[in-house]
Amino acid sequence: MAVFVALGAFLMTLIGGWTAGRVTDRRHLVLGLAGGLMLGVVGLDLLPEALEAAGDEVFGVPAALLLFVAGFLAAHLVERLLAARQAAHGAEEHDGRTPQVGLTAAAAMVGHSAMDGVAIGAAFQVGEGMGLAVALAVIAHDFADGFNTYTLTSVYGNARRRAITMLVADAVAPVLGAASTLLFTIPEGPLGCYLGFFGGALLYLAAAEILPEAHHTHPARSTLLCTIAGAAFIWVVVGVAE
């Protein structure tokens with residue numbers, strides 16, 4: 001049942017990526033929406049789940065929040081290291097951006113989607129009602145995952161073929177993640193720590209890369225409205241799932 005439901009996430013991810021690829025003539029709107037979706041996923045979905053799952057504190061601070069900050073800093077460090085390596089080898093950048101950063105970010109999205117599948121499978125082990133509730137949330141926000149995976153890959157100058165490859169990998173990941181729960185389960189604590197770390201990395205990409213790029217060449221009011229709409233969409237998804 002978990003694997004069958006995860007096929008819905010597969011289809012929704014592809015639809016999200018297809019949408020991002022079809023609106024290339026409105027690139028600033030795509031990036032604005034992607035930034036809002038990423039902000040909503042982090043603040044309204046990933047971080048609350050991380051805080052609930054990883055309840056332990058380290059020197060008075062929840063472990064999930066420490067890893068959230070660590071994820072943000074790690075994303076910044078990886079981007080700087082890749083950019084420095086690119087410059088040292090005389091490689092070209094795309095509008096000042098390093099293609100490997102996009103691939104790394106997309107790969108992180110694929111890993112997160114696999115964990116989404118694991119979450120679906122684990123929830124079905126608790127009960128069918130819990131499984132369906134979690135599956136609804138995952139399937140709904142996998143549209144954002146597909147949208148963001150395609151956007152993150154392409155905005156850094158990677159070829160369309162690479163963007164599609166990462167999109168397909170992101171679509172398959174939750175199905176494989178759900179199937180893996182037939183063999184093992186992940187303890188709640190480590191899962192919460194992972195969500196905190198990934199949320200920090202995703203927030204960095206949204207705040208430091210995607211949103212500035214959206215407003216750099218086309219600072220339109222419609223771009224801001226798309227960002228707000230993206231965050232609001234995730235809010236509705238979380239509310240319905242609850």
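Specify which of the listed residues (Asp45, Asp56) is of a type in the set (D, E, K, R), more than 28 Å from Ser154 (Cα to Cα) and in contact (Cβ under 8 Å) with a residue 12 or more places away in the chain.
Testing whether each residue is of a type in the set (D, E, K, R), more than 28 Å from Ser154 (Cα to Cα) and in contact (Cβ under 8 Å) with a residue 12 or more places away in the chain leaves just Asp56.
Just name the residue that is farthest from Tyr194 (Cα to Cα) out of those in the stretch 71-92 that are at pLDDT below 80 and buried (at least 16 other Cβ atoms within 10 Å of the Cβ).
Gln86
Can you pull out the helices (runs of 4 or more DSSP H) entirely within the stretch 1-75 that have at least 3 residues that are farther than 29 Å from Ala179 by Cα?
Passing ranges, in order: 27-40.
Would you check if Asp95 is at pLDDT 75 or above and charged (D, E, K, R)?
no
Can you tell me how many residues within the stretch 6-20 are open to solvent by less than 20 Å² (accessible area, probe 1.4 Å) and under 12 Å from Ile120 (Cβ atoms)?
Counting residues in the stretch 6-20 that are open to solvent by less than 20 Å² (accessible area, probe 1.4 Å) and under 12 Å from Ile120 (Cβ atoms) gives 2.
I need the full set of residues from the stretch 103-134 which are within 20 Å of Ile234 (Cα to Cα), of a type in the set (A, V, I, L, M, F, W, C) and at pLDDT below 75, in order please.
Met130, Leu132, Ala133, Val134
Do any helices (runs of 4 or more DSSP H) entirely within the stretch 165-242 hold 3 or more residues that are surrounded by fewer than 16 Cβ atoms within 10 Å (Cβ to Cβ) and among the small types (Gly, Ala, Ser), and if so, which?
Filter on the stretch 165-242 gives 221-241.
Which of the residues spanning the stretch 21-70 are crowded, with 22+ Cβ neighbours inside 10 Å, among the small types (Gly, Ala, Ser) and under 26 Å from Cys226 (Cα atoms)?
Selection gives Gly32, Ala34, Gly35, Gly36, Gly40.
The values are calculated or read from the model by the stated rules, or taken from the named source; none is laboratory data. Keep in mind the model is a prediction, meaning the values are calculated, not measured. Methodologically, a virtual Cβ is constructed for each residue, glycine included, from the backbone with ideal geometry; neighbour enumeration extends over all protein chains shown. Areas reflect the complete protein model, heavy atoms only, side chains present, ligands, DNA and RNA absent. Shrake-Rupley method; radii C 1.70, N 1.55, O 1.52, S 1.80 Å.
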